[in-house]
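See structure below.
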Amino acid sequence: MSSFPSAAVLGLCSLIFAILVAPTFYFEMPRIAWIGLGSIGEAISKNLAQHAALEEPVLVWNRTVEKAERLAAAANGKMEAAPSLADAVSRADIVCLCLADDRAVGEVVDGAAAEAPVSGTLFVDLSTVHPDTSQAQADKLEKLGATYIACPVFGGVALAIQRQITIVLAGPSDAIDRFEPFTKDVICKDTIKLANQPLREAGMLKLVGNFVRFSAIEVLCEASVLSEKIGLPEETLAKFVEAMVPGPSAGQLATLHAGEYNNLATSLAPISMALKENSYLNDLAGRSGAKLRTLDTVTAHAERVNEMRGPDAKLLAIYGSIREENGLPFDKN
């Protein structure tokens, strides 16, 4: 009898190899490019480079080229500054956008489409934009053979640094599957998946969710002012908030009481962000016939802060505006 394996055995071994072993040889980890290095974009991109199982450095590009170069130089080889938008997009399988506003997103997508081949590329948009903008970019990219998913972020810079943000994933399920390995425990603590749902839902959820958050800040500021006016000690209100109000309210109240609500050196959200999102909400509310009295109040206080202290003033500075309305100085200390 021959000592060589039979043809059937050899065939079976080949099949097992193809199923179990070969994929590890031929699977290619996607190359990721990150476009936009504002405060939160920088924080998330650094976590992506540090914690994702990537084979190549994350490509980073920013309109201020020096910022991308500085970030890459400090990343121990895990980031690479792309010399141009076209270079970043042409070398990437997944392109993450984290940009200031709708205009910036449109310009970058148009520039990428004009200067680099994008067929097969997945665009992941973490920017806060009007819901209509997300759909417009998706339609534009689909015609070029690319895919777009909306990925708005809940949580500010401090939470982004700690990977404690929550992100929304909206778009085709297969596109979400491509990006999902780079989300939970890499750049965020949790995800809200809206697979195969209209892209506008992600933007609407972002705006409605932040409306809840902004409204809670408004109430907290008013409660603090009321307590001061009627003589309720700060520490007594703080005990109630710590015991009864979950989430970030206790920390926000401590910031108010410490007089740090407009410290420009902190990572608190700027008033310009609130005004932008409130304008989107007002547009959606007007088109739907909804009346939002709390939104009107929050917007009025935010506009006052923007007028008196500029767009870089912090969101919590509406506390100062409310204090002034009640005969107290803007600055607590």
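The values are calculated or read from the model by the stated rules, or taken from the named source; none is laboratory data. It should be emphasised that the depicted structure is a prediction, and the values quoted were computed from it without experimental measurement. Note: ideal-geometry Cβ built from the backbone for every residue, glycine included; neighbour counts use all protein chains shown. Accessible surface areas use protein heavy atoms only, side chains included; no ligands, DNA or RNA. Shrake-Rupley method; radii C 1.70, N 1.55, O 1.52, S 1.80 Å.
For this structure, a couple of remarks:
- Principal semi-axes in Å for the chain [√(5λ), Cα gyration tensor, largest first]: 45, 22, 20
- Between D174 and A265, the simple spin-label model (points 7 angstrom out along Cα→Cβ) gives 5.3 nm.
- Probing with 1.4 Å while keeping every protein chain in the model, the per residue accessible area of the chain equals 50 Å².
- Counting protein heavy atoms only, region 205-326 has 58 percent of its accessible area on carbon and sulfur, 1.4 angstrom probe.
- Nearest 10 degrees, 0 to 90: helix 234-244 Cα axis against the chain principal axis: 40 degrees
- Taking Cα centre as origin and charging only the Cβ of basic (Lys, Arg, +1) and acidic (Asp, Glu, -1) residues, the dipole magnitude of region 205-326 rounds to 380 debye.
- Derived scalar couplings between HN and Hα for region 39-47 equal 4, 7, x, 4, 4, 5, 5, 5, 5 Hz in order, rounded to whole Hz, by the Karplus curve 6.51 cos²θ - 1.76 cosθ + 1.60 (θ = phi - 60°), x for Gly and Pro.
- Computed extension gain for L226 through V208, at 0.36 nm per residue and net of the alpha carbon distance, reaches 3.8 nm.
- Residue among I176, M273, L122 farthest towards the positive dipole end of the chain, charges placed on Cβ: I176
- Loop-resident GluC sites (Glu not before Pro) (DSSP state other than H, G, I, E or B) in region 36-102 with no more than 13 further Cβ atoms inside 10 Å of their Cβ: E55.
- Charge dipole of the chain (Cα centre as origin; +1 on each Lys and Arg Cβ, -1 on each Asp and Glu Cβ, all else neutral): 320 debye, rounded to the nearest 20.
- Calculated on C-alpha atoms, the gyration radius of region 205-326 divided by its Kirkwood radius gives an Rg/Rh of 0.97.
- Added length on full extension, which subtracts the Cα-Cα distance from 0.36 nm per residue, E242 to R70: 57.9 nm
- Mean Cα-pair separation over length for region 205-326, i.e. relative contact order, pairs under 8 Å, 6 or more apart, %: 36 percent
- Lysines whose Cα lies under 25 Å from that of K206, excluding same-chain neighbours fewer than 8 positions away: K46, K140, K184, K189, K193, K276, K291, K314
- The long axis of helix 293-309 is offset from the longest Cα principal axis of the chain by roughly 80 degrees.
- Across region 65-74, coupling constants 3J(HN,Hα) worked out from phi with the 6.51/-1.76/1.60 Karplus curve, θ = phi - 60°, read 4, 4, 5, 5, 5, 5, 5, 5, 5, 9 Hz, and Gly and Pro carry x.
- Between helix 271-288 and the chain there is an angle of about 80 degrees, using the helix long axis and the longest principal axis of the Cα atoms.
- With every protein chain in place, region 32-197: carbon and sulfur % of accessible area (1.4 Å): 47 percent
- A Förster radius of 30 Å, combined with the Cβ-Cβ distance separating R63 from S279, puts the computed FRET efficiency at roughly 0.80.
- Those aspartates and glutamates that a straight Cα-Cα span of less than 13 Å connects to K229, excepting residues fewer than 8 apart in one chain: E324, E325
- Cα-based radius of gyration of region 32-197 once divided by 2.2 N^0.38 Å, which approximates compact folds: 0.93
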